[in-house]
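Heads up, the thing below is written out as structure tokens.
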Amino acid sequence: MKTKRITLIAIAAIVAAGTTIWLLKGTKTRNQITYATVTASKTDISNSVTATGTIEPVTEVQVGTQVSGIIDKIYVDYNSIVEKGQLIAEMDKVTLQSDLESAQAMYDGNKAEYEYQKKNYERNKGLYQKALISDTEYEESEYNYKKAKSAFEGSKADLDKAKRNLSYAIISSPIDGVVISRDVEEGQTVASGFETPTLFTIAADLTQMQVVADVDEADIGGVKEGQRVDFTVDAYPNDIFEGQVTQIRLGSTSSTSSTSTTSESVVTYEVVISAQNPDLKLKPRLTANVTIYTLDRRNVLGIPSKALRFTPQPPLVNEEDIVKDCEGENKVWTYENHTFTAHPVQVGINNGLMTEITGGISEGTQVVTEAVFGPIEPSAEPSSERSPFMPGPPDQNKKKK
């Protein structure tokens, strides 16, 4: 019995060893280094910052009134095209006309009194110089003259003011443009106090718009006038509009950003972006999602920046590879016939991912970007060898159910 048991153990060991040998033989692999390359080609290299802004007309005027009263007539509506000086509204003139007539009457009375006192003063002045009247009479005539003059000048100012207030009842457009807002109705009373009430808002030319974007303080340092801008609006999600930075306003705004645990202040600066609007798609007050290209070069020779960081040194080379190095602060490598060749290059701008090449290699050059470690897979063809200890395949003559 013991001998039989030892025999079974020996047979099991032989089967396990045969299986291991067969597996090792059928799946034998080895590691080899391969190299990823790219072709130096013309490309656009850019870097950008994003912001959110509002579409606004370039010129926008709020038309108000400096006098209180009732709106008598309105001659324009939303979207009305107006010209400079065109009558757009009138206020009730009854009260203002009465004020003017009262001021005119006061002016006329004070003017007559002034002219009388002036003649009397000039006459008494001559008599006084000849010692024909007393000092008291002369001083009294002088006093009456100056008093009448002051009253006359005051009434003249009141008359001018009454005329001006009456002219304010005629409301006209200060610019050529289109009415984008009408805030009053006929019969409505407006009160002019510390702040002039707004009656209409008129935009000069809606084919020329601007975006006022809020740029974060961390990004504002890279923004310059003249930079290219792309932006989109939710109203036309498939359209990309183009613009240009025209102004960076020095005044900043601060807002508070809060989470469940922290609260921090966010400082932003307003950047004005010009935008053409020939088809009038851009409406005032639309929200714009803005991309400002702080770095922007078109159609330049470029390669991935990691190609400049690659160096063929052990363990990044195979045993059969040859390395031909050269002098230079910036260099790229080509790989051909198991030979690495260094090429000194002159570089321009970069955005972290791509670098501009201004000299050293030409368009179409294949440069190495990185080494790739990986196993060489065995032949895909099935091996004709099979372990004699492995069970055979199932009977292939059985029909599928």
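The values are calculated or read from the model by the stated rules, or taken from the named source; none is laboratory data. Not measured: the values here are computed from a predicted model. Note: ideal-geometry Cβ built from the backbone for every residue, glycine included; neighbour counts use all protein chains shown. Note: areas computed on protein heavy atoms with side chains; ligands, DNA, RNA excluded. Shrake-Rupley method; radii C 1.70, N 1.55, O 1.52, S 1.80 Å.
Within the stretch 72-90, does at least one residue satisfy the condition of being touching a helix residue (DSSP H, G or I) at 6+ places or on another chain (Cβ under 7 Å) and of a type outside the set (A, V, I, L, M, F, W, C)?
No - not one qualifying residue is present in the stretch 72-90.
In the stretch 200-239, how many residues are under 17 Å from residue 54 (Cβ atoms) and assigned to a strand (DSSP E or B)?
So the count comes out to 17.
Any idea which residue in the stretch 274-300 is surrounded by the fewest Cβ atoms within 10 Å (Cβ to Cβ), counting only those that are hydrophobic (A, V, I, L, M, F, W, C) and either more than 18 Å from residue 179 (Cα to Cα) or touching a helix residue (DSSP H, G or I) at 6+ places or on another chain (Cβ under 7 Å) (or both)?
The qualifying residue surrounded by the fewest Cβ atoms within 10 Å (Cβ to Cβ) is 295.
Hey, any hits in the stretch 304-321 for a residue that's part of a strand (DSSP E or B), closer than 30 Å to residue 338 by Cβ and modelled with pLDDT of 90 or more?
Yes, the stretch 304-321 contains a residue that is part of a strand (DSSP E or B), closer than 30 Å to residue 338 by Cβ and modelled with pLDDT of 90 or more.
Out of the residues in the stretch 44-100 that are open to solvent by 60 Å² or more (accessible area, probe 1.4 Å), of a type in the set (A, V, I, L, M) and touching a strand residue (DSSP E or B) at 6+ places or on another chain (Cβ under 6 Å), state the one that is nearest to residue 209 (Cα to Cα).
Looking at residues that are open to solvent by 60 Å² or more (accessible area, probe 1.4 Å), of a type in the set (A, V, I, L, M) and touching a strand residue (DSSP E or B) at 6+ places or on another chain (Cβ under 6 Å), I get 58.
In the stretch 128-143, which residue that is in contact with a Phe, Trp or Tyr (Cβ under 7 Å, 6 or more places away or on another chain) and closer than 20 Å to residue 115 by Cβ is least open to solvent (accessible area, probe 1.4 Å)? Explain how you work it out, then say what you get.
The initial filter retains those residues of the stretch 128-143 that are in contact with a Phe, Trp or Tyr (Cβ under 7 Å, 6 or more places away or on another chain), namely 128, 138, 141-142.
Within this subset, residues satisfying the condition of being closer than 20 Å to residue 115 by Cβ are 138, 141-142.
Working: 138: 36, 141: 4, 142: 50 Å².
Looking at the filtered set, the residue picked out is 141.
If I filter the stretch 304-319 for residues that are touching a strand residue (DSSP E or B) at 6+ places or on another chain (Cβ under 8 Å), crowded, with 16+ Cβ neighbours inside 10 Å and under 30 Å from residue 209 (Cα atoms), do I get at least one hit?
No, the stretch 304-319 contains no residue that is touching a strand residue (DSSP E or B) at 6+ places or on another chain (Cβ under 8 Å), crowded, with 16+ Cβ neighbours inside 10 Å and under 30 Å from residue 209 (Cα atoms).
Counting only residues that are open to solvent by less than 60 Å² (accessible area, probe 1.4 Å) and in contact (Cβ under 8 Å) with a residue 60 or more places away in the chain, how many does the stretch 196-245 have?
26
Mind checking which pairs have a first residue in the stretch 103-132 that is in contact (Cβ under 8 Å) with a residue 12 or more places away in the chain and a second that is outside any helix (DSSP H, G or I), Cβ under 8 Å, 6 or more apart or different chains?
Within 8 Å, the pairs are 124/133.
What are the pairs, 6+ residues apart or on separate chains, where a residue within the stretch 334-356 that is hydroxyl-bearing (Ser, Thr, Tyr) has its Cβ under 7 Å from a residue that is open to solvent by less than 20 Å² (accessible area, probe 1.4 Å)?
334/367; 334/368; 335/368; 341/333; 355/302; 355/303; 355/305
Give the stretch 183-205 a look and list any residue that's within 24 Å of residue 58 (Cα to Cα) and among the polar types (S, T, N, Q), or say none.
Selection gives 196, 198, 201.
Only one of 77, 99, 72 is touching a residue at least 12 places away in the same chain (Cβ under 8 Å) and assigned to a loop (DSSP other than H, G, I, E, B); which?
Details: 99 fails: assigned to a loop (DSSP other than H, G, I, E, B); 72 fails: assigned to a loop (DSSP other than H, G, I, E, B).
Residue meeting the stated conditions: 77.
Would the stretch 384-399 turn up any residue that is at pLDDT 90 or above and open to solvent by 80 Å² or more (accessible area, probe 1.4 Å)?
Taking every residue of the stretch 384-399 in turn, none turns out to be at pLDDT 90 or above and open to solvent by 80 Å² or more (accessible area, probe 1.4 Å).
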